[in-house]
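Colleague: Please find one structure pasted underneath; my questions will follow.
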Amino acid sequence: MQDAEWIIIRDWFQGYEACFSGPDGKLPPLLQGKAGHSRRVSANARDLAVDLGHSRGEVLHAQTAGLLHDVGRFPQFRDFGTFSDPRSINHGERGWTVLCEDPDFLRLSVSRRGDLLAAVRHHNCRVLPEQLSPSERHLTEIVRDSDKLDIFKVILDAIQSGDVEKNETIFLHVPAEGGPNPLIVECIRNGRTASYEHIRNRTDFGLQLLSWAFDLAFDATCRRLIDRGLFDAIIAHLPDDPTVRESVDIARTHLHRRVAAAGAAGQA
Ligand SMILES: [Fe+2]
C-alpha cells in the first residue's frame, strides 16, 4: 500500500463516520468513543507492524485494517442502541457488509482488499476460521491484538470516569457486583480464553479480559500490555477474593513468562 492510498481511505472513513452524526453535526458520545477507538487501534496496528519488521507498505496496510475494523459498530449502534453483539448483530460481519456494499468504498482502489475485508470480518471471532489464507490470518491477528490492547484502555477509562451510561454500554449491561463464574475460572486454569457468553457481572468481565493473555498472537502486544500498566490496572479493580486472586496469578504469570521468554530469545 502507498501513502496516497492510506490517505484516501482515511478520508473515506471520516466521511463514513460523519454519516452517523446527529442534527448538531456531532456523533453521539458513544460513537465518538468508537471513532477514537478505531484511530487508536490503527496506531497500535501500525506500531505492531513496525515491531514485526514489516515494510512501509505492510505497515500502512495494518494501520488501514485497524482504522476500518469496527465500521460495523456505527450501524449497530444506530439501529440497536447497543454494542452487545448477542443483543443485536455480529459487528464484524456487519463491517464486512459495509465495506462490500458502500459505493464510495467500492470505487476506491484498495491494495489487498481481500485481506482487509477478512480482518474486518473476523477480528471479533473467538477462534479464527481455518480457511483464512496466511496473509488474511496475519493481518487479522495484527488487528485483534491491537484491538485488545485498546479495549484494556477503554475499559479502564470507563471505570475511572464513573460515567454510568458509558459503563452500562461498555460492560454489556451486566450487573456491577457478583463473584466469578466458575466456567471463566476453569478456562483460565486451563490456559484458555474465556467466552463473552459466560460474563454475568463485572468481575467476570474483568477476568475474561485477563484471559486474553492466552489469546494474544504477538509477544510485542504482551509487552505493551505490561509496559502501559494496563493489565495490572484492570487487576486493581477486581474484588479481593481467593478465586479471583488465583485466576489473576495464572493469567499474569503467563503474560510475564511470555515476555521474558521473548526477551531471552531476542538476546540469544
Ligand atoms: Fe470490534
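Colleague: So what are the ³J(HN,Hα) numbers for the stretch 4-20, from phi and the Karplus equation (6.51, -1.76, 1.60; θ = phi - 60°), rounded to whole Hz, Gly and Pro as x?
Modeller: 4, 5, 4, 5, 5, 5, 4, 5, 4, 4, 4, x, 4, 5, 4, 5, 9
Colleague: If you take the square roots of the eigenvalues of the alpha-carbon gyration tensor of the stretch 114-183 and sort them as a ≥ b ≥ c, do you get rounded (a/c under 1.5), prolate (a/b over b/c) or oblate?
Modeller: Because a/c hits 1.5 or more and a/b exceeds b/c, the stretch 114-183 counts as prolate.
Colleague: Quick one: which of 187-197, 29-39 comes out on top by average Cβ neighbours within 10 Å, and what's the full order, highest first?
Modeller: The most tightly packed comes first, giving 29-39, 187-197.
Colleague: While we're here: Can you give me the Cα centroid spacing of the stretch 230-264 and the stretch 177-214 in angstrom?
Modeller: 13
Colleague: For Asp249, Asp104, Asp24, which order do you get if you count the other beta carbons within 10 Å of each Cβ and list the fewest first?
Modeller: Asp24, Asp104, Asp249
Colleague: Can you give the direction-averaged projected area of the convex hull of the alpha-carbon atoms in the chain, in nm²?
Modeller: So the Cα hull casts an average projection of 14.7 nm².
Colleague: Using each residue's phi in the stretch 117-133, evaluate 6.51 cos²θ - 1.76 cosθ + 1.60 at θ = phi - 60° and report the 3J(HN,Hα) Karplus result to the nearest Hz, with x for Gly and Pro.
Modeller: Karplus values, whole Hz, x for Gly and Pro: 4, 5, 5, 5, 5, 10, 4, 9, 6, 5, 10, 6, x, 5, 7, 5, 6.
Colleague: Over the Cα atoms of the stretch 174-267, what is the Rg over Rh ratio if Rh follows Kirkwood?
Modeller: 0.99
Colleague: Quick one: net charge of Asn201's neighbours, Cβ under 15 Å, K/R +1, D/E -1?
Modeller: The answer is -3.
Colleague: I'd like the Karplus ³J(HN,Hα) series for the stretch 245-252: coefficients 6.51, -1.76, 1.60, θ = phi - 60°, whole numbers in Hz, and an x wherever there's a Gly or Pro.
Modeller: Per-residue couplings from phi come out as 4, 4, 5, 4, 4, 5, 5, 5 Hz.
Colleague: Another question, then. Identify the GluC sites (Glu not before Pro) of the stretch 100-140 meeting these criteria: DSSP loop state and at most 12 other C-beta atoms within 10 Å of the C-beta.
Modeller: Glu130
Colleague: Turning to a different aspect of this structure: Can you tell me the Rg and the Dmax, both Å, for the Cα atoms in the stretch 103-256?
Modeller: When restricted to the Cα atoms of the stretch 103-256, Rg and Dmax are 16.9, 56 Å.
Here, each number is a calculation from the coordinates, and none is a lab measurement. Remember, predicted model here, so these are calculated numbers, not experimental data. Reconstructed Cβ throughout: ideal geometry from the backbone, glycine too, with neighbour counts over all protein chains shown.
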